[in-house]
Amino acid sequence: MPVARWMACMTRGSRPVSRRWPRWCPGVTTNRNKVWRLSMRYIEMCLAGLLVLSLSACMGPPPRKTEIAEESAAWAKVRERFDAGVAALEAGDLDTAEKAMLDVAGANLRLTSPYINLGLIAERRGHLRQAAEWYQQATELNPRSAEAWNQLGLIARQQGKFREAREYYEKAVRLAPEKTAFTLNLAILCDLYLRDADCALEQYRNYQAASASPDKQVAIWIRDLERRVQ
């Protein structure tokens, strides 16, 4: 049976198509190869339509209020666990704090805070390499975490990796210029460790400008650097 695009160009029953029909009905052809290709294309289109319908049917209804309530309760438990970990960390109970932060990190909520706290715990224990790994995971979850970049800078400085520390500090300062502690870290690194007077002077000035009140000690350092630069 011939294949046609329009109902007006279909034949009746199984009678063969006249060879003159292609001129009258462009959608009809008597070539078997063309008929086969057109038939397969039509079947593929139909199957695609059925697939879309079946997928939409499998999507199911929107979440019910009970499901939303369960998610809210689960989130509240994670938050409660996190707060308990923070309290333990502030109290110096590193073991309890570590367990709590590991639980929060294991909830797979893509939060950077538990990883930063795990880094702080490792630092307090003197495990700088492990601390750096936790901070690195935090930056992978959120590349805009200025706190994590700053902590990586502190560790790199302690390890004598001053160029690397500068890169980390600069990222932290770019992401959070209002955090004056990050700016001061970069200024001191440039001043004492890299011996880059221009960098140190610029960052000390930025620190003073962003601070609520000028720091007298930093003002002395600025005057000293200005004399050296001149």
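The values are calculated or read from the model by the stated rules, or taken from the named source; none is laboratory data. Just so it is clear, the structure is predicted and the values come from calculations on it, not from any experiment. Every residue, glycine among them, receives a Cβ derived from its backbone with ideal geometry; neighbour counts consider all protein chains shown.
Look at the range 210-230: where a residue is loosely packed, with under 15 Cβ neighbours inside 10 Å and a partner is in a loop (DSSP other than H, G, I, E, B), sitting 6+ places away or on another chain with Cβ atoms under 8 Å, you get Ala210/Pro177; Ala210/Glu178. Scanning for something outside any helix (DSSP H, G or I), more than 32 Å from the chain's Cα centre (by Cα) and modelled with pLDDT of 95 or more, does the range 205-218 turn up at least one residue? Yes, that holds for at least one residue.
Looking across Arg163, Arg125, Arg144, one residue alone is under 27 Å from Ala210 (Cβ atoms) and over 25 Å from the mean Cα position of the chain (by Cα). It is Arg163. Is one or more of the residues making up the range 101-116 of a type in the set (D, E, K, R), under 21 Å from Ser145 (Cα atoms) and out of contact with any helix residue (DSSP H, G or I) (no Cβ under 7 Å at 6 or more places or on another chain)? No, every residue in the range 101-116 fails to be of a type in the set (D, E, K, R), under 21 Å from Ser145 (Cα atoms) and out of contact with any helix residue (DSSP H, G or I) (no Cβ under 7 Å at 6 or more places or on another chain).
Can you tell me which residues in the range 45-100 are on the phi > 0 side of the Ramachandran plot and at pLDDT 95 or above? Give the steps one after another, and end with the answer.
Residues of the range 45-100 that are on the phi > 0 side of the Ramachandran plot, as a first pass: 60, 92.
Gly92 - this is the single residue of the range 45-100 that is on the phi > 0 side of the Ramachandran plot and at pLDDT 95 or above.
Could you check the range 140-161 and list, in sequence order, the residues that are in a helix (DSSP H, G or I) and in contact with a Ser or Thr (Cβ under 6 Å, 6 or more places away or on another chain)?
As a first pass, look at the range 140-161 and keep what is in a helix (DSSP H, G or I): 140-141, 146-158.
Answer for the range 140-161, where residues must be in a helix (DSSP H, G or I) and in contact with a Ser or Thr (Cβ under 6 Å, 6 or more places away or on another chain): Leu141, Ala148.
Checking each residue in the range 179-201 for being touching a residue at least 12 places away in the same chain (Cβ under 8 Å) and among the charged types (D, E, K, R) picks out Lys179, Asp191, Asp198. The condition (being among the charged types (D, E, K, R) and either modelled with pLDDT under 95 or crowded, with 17+ Cβ neighbours inside 10 Å (or both)) is satisfied by just one residue among Glu123, Glu202, Glu167, Glu140: Glu123. A residue that is within 30 Å of Asp191 (Cβ to Cβ), part of a helix (DSSP H, G or I) and either in contact (Cβ under 8 Å) with a residue 12 or more places away in the chain or among the aromatic types (Phe, Trp, Tyr) (or both) occurs somewhere in the range 107-116.
Rundown of residues vs (1) under 26 Å from the mean Cα position of the chain (by Cα); (2) outside any helix (DSSP H, G or I), yes/no style:
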{"position": "Arg174", "(1), (2)": "yes, no"}
{"position": "Glu178", "(1), (2)": "yes, yes"}
{"position": "Leu184", "(1), (2)": "no, no"}
{"position": "Cys190", "(1), (2)": "no, no"}
{"position": "Asp198", "(1), (2)": "no, no"}
